[in-house]
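Have a look at the structure below before the remarks.
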Amino acid sequence: MKPVTRQRFQPVDVMRGLAIVLMVVYHFSYDLNYFGLASFDFYEDRFWLNARTFILSLFLLLVGVSLILATRNRINWRAFRKRLLVLIFCSALISVSTWFVFDERMIFFGVLHFIAVASVFGLLFIRLFWLNALLGMAAIIMGVYFSNPFFDQPVLQWVGLMTFKPTTEDYVPLLPWFGAVLFGMFLGKLLLASQSLSSILAWQARNPLTRLLALSGRHSLLIYMVHQPLLLGALWLVTR
């Protein structure tokens with residue numbers, strides 16, 4: 001049996017590259033605030049709260065779209081396991097490093113932790129189409145408007161539905177954010193099912209900017225892992 005080769009879709013890479021650029025700008029602003037070189041309120045200011053929501057939603061929509069595109073013929077289990085192990089390793093690295101830097105505000109379930117778990121859960125929904133849109137809406141509504149003290153215990157805080165936000169530098173619980181992944185899976189199915197929309201996937205970048213965004217999108221995990229140490233290191237040198 002021939003292995004399933006993974007085809008790159010440049011529009012998806014470009015959108016992921018755009019999300020990466022926005023994330024780097026957001027984190028650089030956060031770092032400036034952390035070092036006292038600027039004054040931003042990331043916990044109360046609606047601009048920064050909405051910026052985080054937009055960037056994270058874009059990332060997770062693309063997780064859902066990519067999961068559908070990658071499994072449109074069949075699941076390449078070897079590639080899936082390899083990617084999952086890389087995500088788990090990177091998530092553990094982030095948890096350990098943030099424990100040293102931020103102590104009690106360490107990241108115990110951030111965006112990479114979420115993507116690893118959502119990638120596994122998403123396999124249960126890859127055959128669905130329109131129902132994913134409804135389930136995505138239900139997940140978002142439940143995650144935003146429902147809470148219960150049962151989910152406050154540390155072992156369940158990754159689920160969401162807590163009565164308070166935990167003390168951590170990055171928190172991306174399963175609910176409501178799995179709803180964004182389900183919406184992305186619906187959009188992925190829609191792109192494949194519609195002849196007029198499927199042509200979008202064949203689009204190729206022509207100018208240098210979009211090609212650079214596509215390149216960034218292809219290496220988004222690497223950029224995610226190295227950009228903060230580089231930014232924090234550079235700002236530390238500047239402040240010294």
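Here are a few things to note about the model shown:
- Net charge of neighbours whose Cβ lies under 15 Å from the Cβ of L112, counting Lys and Arg as +1 and Asp and Glu as -1: 0
- Mean residue ellipticity (222 nm) of the chain, computed from DSSP H runs ≥ 4 via -39,500 (n - 2.57), nearest 500: -22500 deg cm²/dmol
- Kyte-Doolittle mean at least 1.6 and Cα axial length at least 30 Å: DSSP H helices in the chain: 46-70
- Highest-fluctuation residue, F108, F42, F59 considered, GNM on the chain with Cα pairs under 10 Å: F42
- Peptide packing: for 12-21, 160-169, the average count of neighbouring Cβ atoms within 10 Å per residue gives the ranking 12-21, 160-169, highest mean first.
- Residues of the range 29-100: accessible area per residue with a 1.4 Å probe, Å²: 61
- Percent accessible area from carbon and sulfur atoms, the chain, protein chains only, probe 1.4 Å: 69
- Neighbours of I223, meaning other residues whose beta-carbon lies under 15 angstrom from its beta-carbon, give a summed charge of +1 when Lys and Arg score +1 and Asp and Glu score -1.
- Of Y34, Y145, Y43, the one that fluctuates the most in a GNM where the chain has Cα springs shorter than 10 Å: Y43
- The alpha carbon gyration tensor of the range 1-144 gives principal lengths a ≥ b ≥ c with a/c of 1.5 or higher and a/b greater than b/c, which makes the shape prolate.
The values are calculated or read from the model by the stated rules, or taken from the named source; none is laboratory data. None of these values were measured; they are calculated from a predicted model. Neighbour counts are summed over all protein chains in view; Cβ atoms, including those assigned to glycine, are modelled from backbone coordinates with ideal geometry. These accessible areas exclude ligands, DNA and RNA; they are computed on the full protein's heavy atoms, side chains included. Shrake-Rupley method; radii C 1.70, N 1.55, O 1.52, S 1.80 Å.
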